[in-house]
Amino acid sequence: MKNEGEAAKRPDNTAFTQQRLPAWQPILSAGIVIPSFLLIGLAFIGIGIGLFLTSQTIQVWEMDYTGFEKDSPCFRCTILSNQNCTCEVTFSLSTLFSVKSSYFPSDCSPYAYDSEKNPIVPCGAIANSIFNDTFELYQIINGTKKQVPLDGKGISWWTDYNIKYRNPSSVNSSFAKSFDGTVKPINWPKPAYELDLTDPNNNGFLNQDFLVWMRRAALPQFRKLYRRITDGDYAAGLPAGNYSLKVHYNYPVLSFDGRKKVVFSNVSWMGGKNDFLGIAYLVVGSLCVVMSVVMLVVYAKFKFSDDDDDA
Amino acid sequence: SCCNRFRTESISCGGDEKRVDSRTIYVGHRPCPDTEAFIPSKFCDNRIVSSKYTVWNFLPKNLFEQFRRIANFYFLIIFLVQVIVDTPTSPVTSGLPLFFVITVTAIKQGYEDWLRHKADKEVNKYPVTVLEDGRSVKKESEKIKVGDVVEVVEDETFPCDLILLQSSREDGTCFVTTASLDGESNHKTHYTVPDTEKDLQALTATIECEQPQPDLYKFVGRMHIYKQEQEPAVRSLGPENLLLKGATLKNTKKIYGVAVYTGMETKMALNYQGKSQKRSAVEKSINAFLLVYLCILISKAVVCTTLKYVWQSKEGQDEPWYNQKTQKEKDSNMYLKMFTDFLSFMVLFNFIIPVSMYVTVEMQKFLGSFFITWDKDFFDPEIQEGALVNTSDLNEELGQVEYVFTDKTGTLTQNNMEFIECCIDVHIICMLGFMCHFVCLFISIYQEKEELFLRALCLCHTVQVKEAGSEVLADQVDGIDGLLLQPEEERGFIASSPDEIALVKGAMKYGFTFLGLESKSMKIKNRQNDIEEYKLLHVLNFDPVRRRMSVIVQTTSGETLLFCKGADSSIFPRVRPEEVDRIRMHVERNATEGYRTLCVAYKQLSAEEYAMADTGLREARLALQDREEKLMAMYNQVEMGMSLIGATAVEDRLQEEAAETMEALQGAGMKVWVLTGDKMETAKSTCYACRLFQRGTELLELTVRTLEDERLKSWSTANQDYGFIIDGATLSLVMNPPRDADASQYKSLFLQICQNCTAVLCCRMAPLQKAQIVKMVKNSKGSPITLSIGDGANDVSMILEAHVGIGIKGKEGRQAVRNSDYAVPKLKHLKKLLLAHGHLYYVRIAHLVQYFFYKNLCFILPQFLYQFFCGYSQQPLYDAAYLTMYNICFTSMPILAYSLLEQHTSIEILLDNAALYREIANNAMLRWHPFLYWTVLGIFQGLMFFFGVRFLFSNPALQDNGQVFGNWSYGTIVFTVLVFTVTLKLALDTRHWTWINHFVIWGSLAFYVFFSFFWGGIIWPFLKQQRLYFVFANMLSSVSAWLVIIILILLSLLPEILLVVLRKPRGPHSRQVYFSLPFPLLSLNSSFLPYPSYFLIFSLIYILFCSSFILHHVLTRCDVTQSQPITRYLKLYSYVKQWLVSLLVAGLH
């Protein structure tokens, strides 16, 4: 009886209950810290150099074409010269607050129904305000214009095109019929099923431009991919020469002080041109190196005094 | 219900006219001839209800109680706002955590209540035997009504409070043990009401007694016994007639008693009501921080709302063509819109005040307290028990103690008494062989007096002889025979105070053996082995105010004698003055040696004197009102003009390691006050023995003795340590000064002296005075944290009063343990409890709190900054799943593990270097400096996260195929950096990596990655938008995103890494570092960060508060001036002296 009570009441003598679990106590001695700082610093400098050089090789040509009138001096500039790159054409908008909360695709109001209560498809403010300027690029060879083919395939996320968005199935083998009873968004010139008349697979919700637009930008100044130049004679890049860019100007931005730009650029493994990362890595890397040197000096100095104290 | 009625009664004492002071009970429900109408009054039934809820009212009542907590209510409001107002984040984000918190708490409380229900049921359904119309009827315990005659057999507990009517023992007594009530395991004798009839069926009586009150040891009543054709007889009832519910019947075959208090009105039930909740200082800090964060939250919402309307007032921005307003928006009132916008912002930023912190803090406290109960160092093999945790709310308070109030007897000392010597008039009997010498020398002269003295020791007590074995000898006569056969050494005594046993045993060594008390006659075996018999007439009980007890006995020859023993101060004024001086010298000498001394006196009562005393005592005992006062007056009257026989000295040994413990506590910067009821000399010597007073300590005495001395010592100013001694009489003068004196001035003067002394000794304290002192210190400037430790019932008041009450599982019953917050078997355990457990828990919880605020600040700051980039449209930066899961899943486990397992310094080192305790004194880790540090850190990291990604997104084409990232990618990158940074920050702070830490830290990071893949990898049918669909996977496919995440984590942690590197590791061989707080404030100067502007602000604030810290430190150092206690003491001395001397003069003459 007594023994039982004793066994029940006596605390367990385990490492856990006695707070004696074996534990690793990290002690950052100079022997570990200084070399690791040095190593991290050197690695960062290396990455930084790589990033910076890559970023430098990326060529960017951009032009702000907001509010160009037919008589403005740059209306027919011969613009491109000495370019030789695989180009991506992007457009860039600024101060368009595409991430406003009322700009939700889910909450379509006030773009859910038209005045006759017909549902708008695709609904919502984002879809309604789709960027609808179009660009045509010509190379001017000996005075004649040769159109540069712009590839619109694969500019949106693969998952968006293949999984996330679905078109309604055709009614009576007519894709347009499946949109019966709906109306096009107010600002759209054409209904969704006629977005791309040349390619039947690029219509409805599965239009590449539409999908790019529907992936909302994070910031009020943003750029989005418009086309790639990958085909034909230009597969290896735009050769140096004179080019002409024809803009179908539809998208009003001046009312909210917005600007529009068109950007020609190539991309690398790190994406578009961005000096920030390279510089950041270089700075942090050299910081680490400097600190390791400082620490080395400090430790070298204080180690002796420590020894004196101990002795 | 009845208990409610009782509460209202006790509250509305003065006003309620219906309230009656006493109740009348008809024994066996039989009407009495005297009363004209038999009105059975309504009393509550015998059901015990300790549960709070029923099945029906559980949900509403529990919810109501939970939402009364301010934090829960706040979260409920936020949730309701989210439901009602159209806000960007779904109500789920705040509803789910709140639901979780509420459910967990409800389940815990429900379970506890279920246990209470079960216990109640067990008690209420217990079968009892009730006498009804001459028959014994089995009933359930809950059916007992007031007035029922209940039968209880041996080893059963009493089902309600009973007045003992009849006992199976011949002498009309019964023995009970109140172990479950107050833990005193000794057998207490209770008496039947004298002269009641043997036939209970024929008994017609009423009992008039006071209304129920919680004091276990007080009961006043009167019984009227009606006999045919006779005047009703009146008997007084006292606590000795009352059997309490919860006590157990022992040594008695069966008893009959009449129920007087039932159910919730029993003394036991009344005692279990309402123990006030103690709150820790950490909780106050949390509330203060919460207010700061609430201000931050509101100002953020105000800033955003204002800027939104400022921005919208610009042309073209209020309603751009791409984002027109709905009809509803156009129609609604501008101010109403502003208000709803404000609410929406509040909801968006409300995560800054973490719901989960409360859960984590509660869990940490609850789970953490197990480490105290599990600690095998607290296990005492002698009593087979370890530490007991009564409340887990105060774990961290153990690390903050500034004042320790300790009892002396049983706490500092073992309460294991040994009779050392006695002095009879002039000669001393020593235990160790000197005896013969003295006795031979004086035997002829003093033999008679010596025998008288020893008889006095044998008679003047309340000791019982322990009956051998658990099987009680039924017949008392046989019992005595049996006892006589036993060897004398094995004779056991039971008494409420160990002093008495020591004295009786002492007398036994000199040949006078106490054989026992039986039907009011005491038997003594004298040196000649003859049995002397004395008739016990009266016992004038011991009480701490009189500090003495007496018995009146009658010898066989018919002499009536009064023996009195008590403290010297209470005996000396009552004996002939010429006898005093001779004894006093010895008493004082014994006291300085650390012995407990008692004086013994006697008086022969003439027949008239006795008759007067007898009637006086009986009348006083019968009085229904002011019985205590009347008894006291009577006692004082009887105990007069005695003659002194001698004095005794009993040694009370120090507890194991008492001195080491006290030294450690003082080394840890705690001020130790000894509060004792004992004599000054005894207490002082104990203090010296415990090393509370050192040789070099200057003692400032403020006692009756020193005031009578008429001269003051001169003090050397070189000394640094002061000890202060004050006694009860002087203290009451200081605390409750005469009206015309400047009261508060001297009270604060007294406090100032005490605070500048390393040790304070308060002797001759009444229990209430102990609490008074604790309260005074508790409420003094800076409200220091107090701890009381004691073992006896007289310490309960101070245990309840102090911030932390510690009970010692000692010999004086369990009352202290029951009322304490923590109970340990021995005093020496206090050292580990405070220095190791308290210290660790404080560091853990302080870090937990700061970390929680920090991680939510850098969680929400990017969300706030994002509003400037989205037109103040309340667009959340993070996905709802991340918002919800951040505090629940991603970052909660590592900090919980940290707060349970962290040992920033190992337990051994904490125990060896008591001074380490000073580092966390004054709530060091939760003051505004460290709070500011954590806040600045949070702001710095929040800025880093947001703007780092912002610069990256100046070109959102982050993939090698030129595809661009959108806003959810932006949020996910920020969130990834956030989760990794705050978790790694904790990893940097962790000094004690057990496998659990490894598991939860790396595990929760892995869980985050896994969850993100999972959440983004499936089209969730219940979601309207698949916002995060493949966002995380796409992010990982971008090299730039990887690189930015890595560099941002490193950059955010760089200051912290530098701190860790530059911090001196505190190993067993490392020396003390000047600044060895968990974050050394001075060592950041060498770090440098690439964002000059942020870093500038960061380091400016840093330097600012470093310098203020140093300044503060330097200033507080200079403040300690050594001469102050003396000047203050002299001032107080002259004041007290003036009053006390005049009072003493008035009192003596």
Going through segment A:11-51 in order, the residues found to be part of a loop (DSSP other than H, G, I, E, B), surrounded by 13 or more Cβ atoms within 10 Å (Cβ to Cβ) and not β-branched (Val, Ile, Thr) are A:Pro11, A:Phe16, A:Gln18, A:Gln19, A:Arg20, A:Leu21, A:Ala23, A:Gln25, A:Pro26, A:Leu28
Just one listed residue, out of B:Ser557, B:Ser521, is touching a residue at least 12 places away in the same chain (Cβ under 8 Å) and of a type in the set (Gly, Ala, Ser), and it is B:Ser521
Of the residues in segment A:200-238, those that are away from every other protein chain (no Cβ under 14 Å) and in contact with an Asp or Glu (Cβ under 8 Å, 6 or more places away or on another chain) come to A:Asn202, A:Asn203, A:Asn207, A:Asp231
Those helices (runs of 4 or more DSSP H) completely within segment B:874-951 that have 1 or more residues that are in contact with a Ser or Thr (Cβ under 6 Å, 6 or more places away or on another chain) are B:880-885, B:892-901
Check your understanding: Do we find that A:Ala23 is within 10 Å of another protein chain (Cβ to nearest Cβ), at pLDDT below 85 and over 33 Å from the mean Cα position of the chain (by Cα) in this structure?
Key -> no
In the set A:Tyr103, A:Tyr113, the lone residue that is within 14 Å of chain B (Cβ to nearest Cβ) and at pLDDT 75 or above is A:Tyr113
For segment B:815-846 the number of residues that are at pLDDT below 90 and under 14 Å from the mean Cα position of the chain (by Cα) is 7
Pairing a residue in segment A:46-64 that is within 14 Å of chain B (Cβ to nearest Cβ) with any residue that is of a type in the set (Phe, Trp, Tyr) and surrounded by fewer than 17 Cβ atoms within 10 Å (Cβ to Cβ), where Cβ atoms lie under 8 Å and the two sit 6 or more apart in sequence or on different chains, gives A:Thr54/A:Trp269
Fill in: Residue check, A:Ala127 of a type outside the set (Val, Ile, Thr), buried (at least 18 other Cβ atoms within 10 Å of the Cβ) and either touching a His at 6+ places or on another chain (Cβ under 8 Å) or modelled with pLDDT under 85 (or both)
yes
Among the residues in segment B:984-993, are any facing chain A (nearest Cβ under 7 Å) and either among the acidic types (Asp, Glu) or surrounded by 20 or more Cβ atoms within 10 Å (Cβ to Cβ) (or both)? yes
Picking from B:Gly238, B:Gly263, B:Gly257, the residue that is at positive phi and of a type outside the set (Lys, Arg) would be B:Gly263
Within segment B:368-419, of all residues that are more than 25 Å from B:Glu500 (Cβ to Cβ) and among the hydroxyl-bearing types (Ser, Thr, Tyr), the one nearest to the other protein chains (Cβ to nearest Cβ) is B:Thr373
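Here is a yes/no grid of residues against (1) modelled with pLDDT of 85 or more; (2) crowded, with 22+ Cβ neighbours inside 10 Å:
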residue	(1), (2)
B:Thr560	yes, no
B:Phe563	yes, yes
B:Arg576	no, no
B:Glu579	no, no
B:Tyr595	no, yes
B:Glu609	yes, no
B:Met612	yes, no
B:Ala620	no, no
Would you call A:Phe264 in a helix (DSSP H, G or I), closer than 27 Å to A:Leu51 by Cβ and either hydrophobic (A, V, I, L, M, F, W, C) or more than 10 Å from every other protein chain (Cβ to nearest Cβ) (or both)?
no
Those residues of segment B:983-1015 which are over 25 Å from B:Leu1036 (Cα atoms), assigned to a helix (DSSP H, G or I) and touching a residue at least 60 places away in the same chain (Cβ under 8 Å) amount to B:Leu988, B:Asp989, B:Ile996, B:Asn997
Considering residues that are among the basic types (Lys, Arg) and touching a Leu at 6+ places or on another chain (Cβ under 6 Å), the number found within segment A:209-259 is 1
- Task: Return yes or no: is B:Val1039 under 30 Å from A:Gly285 (Cβ atoms), surrounded by fewer than 23 Cβ atoms within 10 Å (Cβ to Cβ), at the interface with chain A (Cβ under 9 Å from one of its Cβ atoms) and in contact (Cβ under 8 Å) with a residue 12 or more places away in the chain?
- Result: yes
Do we find a residue being surrounded by 18 or more Cβ atoms within 10 Å (Cβ to Cβ), assigned to a loop (DSSP other than H, G, I, E, B) and of a type in the set (Gly, Ala, Ser) anywhere in segment B:336-348? no
So, first residue on the phi < 0 side of the Ramachandran plot in segment B:602-615, second residue part of a strand (DSSP E or B) and among the basic types (Lys, Arg), Cβ within less than 9 Å, six or more apart or across chains; the pairs are B:Glu609/B:Lys603
Self-check item: Flag if B:Ile107 is closer than 30 Å to B:Gln874 by Cβ and free of Cβ contacts under 8 Å to residues at least 40 places away in the same chain
Solution: no
**OP:** Could you check, for segment B:959-968, whether at least one of its residues is buried (at least 19 other Cβ atoms within 10 Å of the Cβ) and closer than 18 Å to B:Asn887 by Cα?
**Re:** no
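The values are calculated or read from the model by the stated rules, or taken from the named source; none is laboratory data. Being a predicted model, the structure only gives us computed values, none of them experimental. Because the Cβ atoms are built from the backbone with ideal geometry, glycine has one as well, and the counts that use them run over all protein chains shown.
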